[in-house]
Amino acid sequence: MEEANFLTKFASEVIIVHRRDELRASKIMQDRARENAKISWKLNKTPLEVMAGENGVTGLKVKNNETNEEEIIETDGIFVAIGHKPNTSFLNGQIDTDETGYINVVPGTTETNVPGVFACGDVQDKKYRQAITAAGTGCMAALDAERYLEGNAVHDWSKSS
């Protein structure tokens, strides 16, 4: 919820997609997100596929968990924040992962192999997998996304001396 609120500073709309019809975030964080006019909700939906074109992300295909109907949510960016297990199978190989399903990122960043897609938290951190590292990499991903949206290259720390 915190990252969703933060991303509204840079996006005209932030859509929260969640596989259940209730959230686990604290009530105060849920209330803040619900009060933000730039945040909309797609609850009880399971992500199936990240849609991509020549220049990056174009949408997210989701399934309604009650009706099994599928829809495509048009978007030009995706911020993935998922729990304690790297539930990345919905990516269908469109984003590079390791053999256990964790998303590969450029070392020292949250960049994936798809421009405009950033990964943070447990989906890319198989060593620590704790809330504090998820919050830290969530902040990193938000900053990387901000730079990307502003048209600035994300710094490649591996080339620094």
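Find the residue count for the stretch 9-55, including only residues that are touching a helix residue (DSSP H, G or I) at 6+ places or on another chain (Cβ under 7 Å), more than 19 Å from Glu66 (Cβ to Cβ) and either among the charged types (D, E, K, R) or in a loop (DSSP other than H, G, I, E, B) (or both).
Qualifying residue count for the region: 4.
Could you please find all residues in the stretch 95-148 being of a type in the set (Asp, Glu), at pLDDT 85 or above and either under 14 Å from the mean Cα position of the chain (by Cα) or not in a loop (DSSP other than H, G, I, E, B) (or both)?
Glu111, Asp144, Glu146 - these are the residues of the stretch 95-148 that are of a type in the set (Asp, Glu), at pLDDT 85 or above and either under 14 Å from the mean Cα position of the chain (by Cα) or not in a loop (DSSP other than H, G, I, E, B) (or both).
What tally of residues in the stretch 56-78 results from selecting those that are more than 19 Å from Leu7 (Cβ to Cβ) and either acidic (Asp, Glu) or in a strand (DSSP E or B) (or both)?
So in the stretch 56-78, the residues more than 19 Å from Leu7 (Cβ to Cβ) come out as 61, 63-72.
Filter again for either acidic (Asp, Glu) or in a strand (DSSP E or B) (or both), leaving 61, 63-64, 66, 69-72.
Here the count works out to 8.
Among the residues of the stretch 86-119, write down those that are in contact (Cβ under 8 Å) with a residue 40 or more places away in the chain, closer than 18 Å to Gly53 by Cβ and crowded, with 20+ Cβ neighbours inside 10 Å.
Leu91, Ile95, Val117
If you go through the stretch 65-80 one residue at a time, do you hit one that is β-branched (Val, Ile, Thr), buried (at least 18 other Cβ atoms within 10 Å of the Cβ) and touching a helix residue (DSSP H, G or I) at 6+ places or on another chain (Cβ under 6 Å)? Can you show your working first?
Our first condition is that a residue be β-branched (Val, Ile, Thr); within the stretch 65-80, this holds for 67, 72-73, 75, 78, 80.
Retained after the next criterion (residues that are buried (at least 18 other Cβ atoms within 10 Å of the Cβ)): 75, 78, 80.
From what is left, the residues that are touching a helix residue (DSSP H, G or I) at 6+ places or on another chain (Cβ under 6 Å) are 80.
Within the stretch 65-80, one or more residues are β-branched (Val, Ile, Thr), buried (at least 18 other Cβ atoms within 10 Å of the Cβ) and touching a helix residue (DSSP H, G or I) at 6+ places or on another chain (Cβ under 6 Å).
The values are calculated or read from the model by the stated rules, or taken from the named source; none is laboratory data. The shown structure was predicted, so the numbers you read here are calculated from the model rather than taken from an experiment. So basically every Cβ, Gly included, is an ideal-geometry build from the backbone, and we count neighbours across all protein chains shown.
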